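The values are calculated or read from the model by the stated rules, or taken from the named source; none is laboratory data. Values in this document were obtained by computation on a predicted structure and should not be read as measured data. Cβ placement follows ideal geometry from the backbone for every residue including glycine, while neighbour counts extend to all protein chains displayed.
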Amino acid sequence: MSSTPKHAHDRRQAGTWALLGVLTLLLAGVVLLAASLNGHTRAPGGRTRATGPATATVAIERSRPGPVVPPRFLGLSFEVSDLATISSYAGRGDLTRLLRSLGPGVIRFGGISADSRTGWTEARDPPPSWAGTTIDPEDFRRLRALAQASGWQVLLTVGLAHYNPRTAALETAAARSILGPWLLGIEIGNEPDSYARHGFRTQPWRFERYSAEVSAYRRAIDRLAPGVPLAGPDVSGSKIFTTWGPKEARAQRPALVTGHHYPLGCRGRFAPSISRLLSPQTRSREQISLERYMRVARGAHLPLRIDETNSVSCGGVAGVSDTFAAALWATSYITSAMAEGVAGVNLEGNPARCSGYSLLCASTSSRLASGDLQTQPEWYALLLARELIGDRPLASRITQRAGSNISATALLGPEGAVKVVVVDDEPPGSGVARASLEVGSGLHRADAVYLRASSPAALGGTTFGGSTVSASGSWSGPVDATALPVRSGEVDVALTPSSASLITIRP
């Protein structure tokens, strides 16, 4: 037993509790200071509330909106070798419901298989010896049924690498006769600028040789199917488009100019990664690419469609292309294309490979055969983009804190509402940022719906507005919106790292 008197023990205990109290207050102060430096605190109920200076400020000019985002802006792109499979889903599976959930759009069939391994065949013509797969009039009949049921038009690529104007004319005539108004147009050759690199042509391979071959194709096509719209030159990227695009416009007078875009290459010096896909450097290069494309299109007074694009070329890369990061990338790219005045964007996919770039795919061969397709995270970028169809892009300027990784696009809705898509590509754990949207007077109500997943690397669990696509492919729309205050023409919104927000500010 201690010999310390009781009153001395009580004084010592009281001093200990007092010291603990001081330490607790100091610790609380440190926590609050850290939260303040991070720009966020916890509001009552555990919700995150952004505080302190805005991480990003978006100044929006409402007086001069751009051209309307057209009804068929959204699109998918598949290899021609997948046409028979896709068309077989006209009366089964969930593809029709999935397409209808996006509204009207454009399915493009192209890819390297249009030139390398897929040939046209009819009863009187045997398949070409080089073709590993074929398409025929029955495939077009099923494709028409799919187009009618979904409301989607078809952009078809006929092969040019195996030079045969007669066969191309027969295929185009069959497509026109069977698809009718559902045929948006044809492309002659896929990425023809790359033919010499792929061994399809000898060097020097320049636009003039390509154009002469296209002209021969068009003469043959005009004899059997006059008036079918031409889209082209369907080149591999914006840099070559600055050379081929103006020449295509003058020599071929297409109804639509087309080209491709892949932000990351499958054979580059650096391996594709989520951090590279979502980097400000990638976004900056993409803006330059879109401006190149549109400079040519505007100069030629022709609409431009990015008819093949996705995260990584050569089919995509597992762990990048099939993740939520691809959805964030697609949201930024699609909305940037809208802001630049692009007429449409087609995201490339492979229904048989869920680990690559594919918005829709089947996890097994039996599901592929039956049309039981599942949505990948990137599909949700299209669901968000659908909310912007019919709107008009607005000029905006984003100013953000050094080191931040936020993008924003603004559009004006037909009812006078301003819609702002903000993508926060900061990695998880970066802390909640705060964006201030300067929209001006006359707007009084605002709400936000969010595109989210557990992390950029997530393969599933994506939600938009708290909703997910059902197992049958149906989509009920966003069900969860967060009200935001509007004060003196400004809207403050808290941004969760690795997420996108669609903020609507109404009169």
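Would you please list the contacts, defined by Cβ atoms under 7 Å and residues six or more apart or on different chains, that run from a residue in the stretch 195-219 that is of a type in the set (S, T, N, Q) to a residue that is modelled with pLDDT of 95 or more and part of a loop (DSSP other than H, G, I, E, B)?
Short answer, once both residue conditions are applied: Thr202/Ala196; Gln203/Ala196.
In this structure, does Ala231 turn out to be assigned to a strand (DSSP E or B) and either free of Cβ contacts under 8 Å to residues at least 12 places away in the same chain or surrounded by 13 or more Cβ atoms within 10 Å (Cβ to Cβ) (or both)? Step through it out loud before you land on a result.
Numbers: assigned to a strand (DSSP E or B): yes; either free of Cβ contacts under 8 Å to residues at least 12 places away in the same chain or surrounded by 13 or more Cβ atoms within 10 Å (Cβ to Cβ) (or both): yes.
Considered against the rule, which asks whether it is assigned to a strand (DSSP E or B) and either free of Cβ contacts under 8 Å to residues at least 12 places away in the same chain or surrounded by 13 or more Cβ atoms within 10 Å (Cβ to Cβ) (or both), Ala231 comes out as yes.
How many residues does the stretch 234-273 contain that are out of contact with any Lys or Arg (no Cβ under 6 Å at 6 or more places or on another chain), among the small types (Gly, Ala, Ser) and outside any loop (DSSP other than H, G, I, E, B)?
The number of residues fulfilling the criteria is 4.
Looking only at the stretch 257-288, how many residues end up being of a type in the set (D, E, K, R) and either surrounded by 15 or more Cβ atoms within 10 Å (Cβ to Cβ) or closer than 16 Å to Leu328 by Cβ (or both)? Give the steps one after another, and end with the answer.
Of the stretch 257-288, the ones of a type in the set (D, E, K, R) are 267, 269, 276, 283, 285-286.
Still in the running and either surrounded by 15 or more Cβ atoms within 10 Å (Cβ to Cβ) or closer than 16 Å to Leu328 by Cβ (or both): 276, 283, 286.
Number of matching residues: 3.
Filter the stretch 483-503 down to residues that are surrounded by fewer than 19 Cβ atoms within 10 Å (Cβ to Cβ) and among the β-branched types (Val, Ile, Thr) and give me whichever is nearest to Ser430 (Cα to Cα).
Thr496
Name the single residue that is farthest from the chain's Cα centre (by Cα) among those in the stretch 306-321 being buried (at least 24 other Cβ atoms within 10 Å of the Cβ), not small (Gly, Ala, Ser) and not in a strand (DSSP E or B).
Val320
From Ile186, Ile178, grab the single residue that is touching a residue at least 40 places away in the same chain (Cβ under 8 Å) and farther than 18 Å from Ser211 by Cβ. Explain how you work it out, then say what you get.
Values: Ile186 fails: farther than 18 Å from Ser211 by Cβ.
Selected residue: Ile178, the only one of Ile186, Ile178 that is touching a residue at least 40 places away in the same chain (Cβ under 8 Å) and farther than 18 Å from Ser211 by Cβ.
State all residues of the stretch 475-505 that are under 18 Å from Leu388 (Cβ atoms) and more than 23 Å from the chain's Cα centre (by Cα); if no residue qualifies, say none. Please lay out each step first, then the result.
To start, the set of residues in the stretch 475-505 that are under 18 Å from Leu388 (Cβ atoms) comprises 475, 477-478, 481, 491, 493, 499-505.
Val491, Val493, Ile505, listed by residue number.
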